[in-house]
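Asks: Supplied in structure tokens, the structure appears directly below.
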Amino acid sequence: MHELIVKKSRFISYAAQADSEEKAKACITEISRQHKKARHVAFAYITPNATRYNDDGEPRGTAGLPLLSSIQRRNTESVVVVVVRYFGGVLLGKGGLIRAYGKAAGLALEALLEESEK
């Protein structure tokens, strides 16, 4: 878990191994339960049988797609990334959202990759 603050919005990111779509969905569900008061819970995953992403109410292409791009840039498979956003009252704009979600995803993925190398 990593936390990033951008203009008072909190972005809490998670990354985990998921070798099936069912495991990815279970991870997303569990994180959503932990953050019931969050405004958005965006996710992306790549498993052997599925590639999916979801913006969860953010403007189209500003949350889930940057998460998916972060996974693809690292040539990683069988992984799920979830970023929880607690809105801080300041609009970030599309570019700001894309950068924030992408950075949050990158932090979580780097930690996961470092952990798996140990």
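The values are calculated or read from the model by the stated rules, or taken from the named source; none is laboratory data. These figures come from a predicted structure and were not determined experimentally. Backbone-built Cβ (ideal geometry, glycine too); neighbour counts: all protein chains shown. Please note that ligands, DNA and RNA were not included when accessible areas were found on the heavy atoms of the full protein model with its side chains. Shrake-Rupley method; radii C 1.70, N 1.55, O 1.52, S 1.80 Å.
Asks: Please go through (1) without any contact (Cβ under 8 Å) to a residue 12 or more places away in the chain; (2) closer than 22 Å to Glu117 by Cα for Gly93 and return the number of the only condition it doesn't satisfy.
Replies: All conditions are met except number (2).
Asks: So which residues in the stretch 59-71 are in a loop (DSSP other than H, G, I, E, B), open to solvent by less than 20 Å² (accessible area, probe 1.4 Å) and of a type outside the set (Gly, Ala, Ser)?
Replies: Answer for the stretch 59-71, where residues must be in a loop (DSSP other than H, G, I, E, B), open to solvent by less than 20 Å² (accessible area, probe 1.4 Å) and of a type outside the set (Gly, Ala, Ser): just Thr62.
Asks: Which condition does Ala26 not pass, out of (1) over 18 Å from His2 (Cβ atoms); (2) touching a Phe, Trp or Tyr at 6+ places or on another chain (Cβ under 6 Å); (3) among the small types (Gly, Ala, Ser), if it passes all the others?
Replies: Going through (1) over 18 Å from His2 (Cβ atoms); (2) touching a Phe, Trp or Tyr at 6+ places or on another chain (Cβ under 6 Å); (3) among the small types (Gly, Ala, Ser) one by one, Ala26 breaks only (2).
Asks: Does Ser13 satisfy being open to solvent by less than 20 Å² (accessible area, probe 1.4 Å), in contact (Cβ under 8 Å) with a residue 60 or more places away in the chain and under 11 Å from the mean Cα position of the chain (by Cα)?
Replies: Yes: the conditions hold for Ser13.
Asks: Oh, and also: Name the residues in the stretch 33-53 that are of a type outside the set (A, V, I, L, M, F, W, C), surrounded by 19 or more Cβ atoms within 10 Å (Cβ to Cβ) and under 12 Å from the mean Cα position of the chain (by Cα), would you?
Replies: If the condition is that a residue be of a type outside the set (A, V, I, L, M, F, W, C), surrounded by 19 or more Cβ atoms within 10 Å (Cβ to Cβ) and under 12 Å from the mean Cα position of the chain (by Cα), then His40, Tyr45, Tyr53 are the ones that fit.
Asks: Can you find, within the stretch 74-118, the residue that is least open to solvent (accessible area, probe 1.4 Å) among those that are aromatic (Phe, Trp, Tyr) and outside any helix (DSSP H, G or I)?
Replies: Filtering the stretch 74-118 for residues that are aromatic (Phe, Trp, Tyr) and outside any helix (DSSP H, G or I), the one least open to solvent (accessible area, probe 1.4 Å) comes out as Tyr86.
Asks: Same structure, new question: For Asp19, state whether it is among the acidic types (Asp, Glu), under 18 Å from Ala108 (Cα atoms) and in contact with a helix residue (DSSP H, G or I) (Cβ under 7 Å, 6 or more places away or on another chain).
Replies: Considered against the rule, which asks whether it is among the acidic types (Asp, Glu), under 18 Å from Ala108 (Cα atoms) and in contact with a helix residue (DSSP H, G or I) (Cβ under 7 Å, 6 or more places away or on another chain), Asp19 comes out as no.
Asks: Where residues in the stretch 43-58 are among the polar types (S, T, N, Q) and not in a loop (DSSP other than H, G, I, E, B), which of them is nearest to Leu97 (Cα to Cα)?
Replies: Asn54
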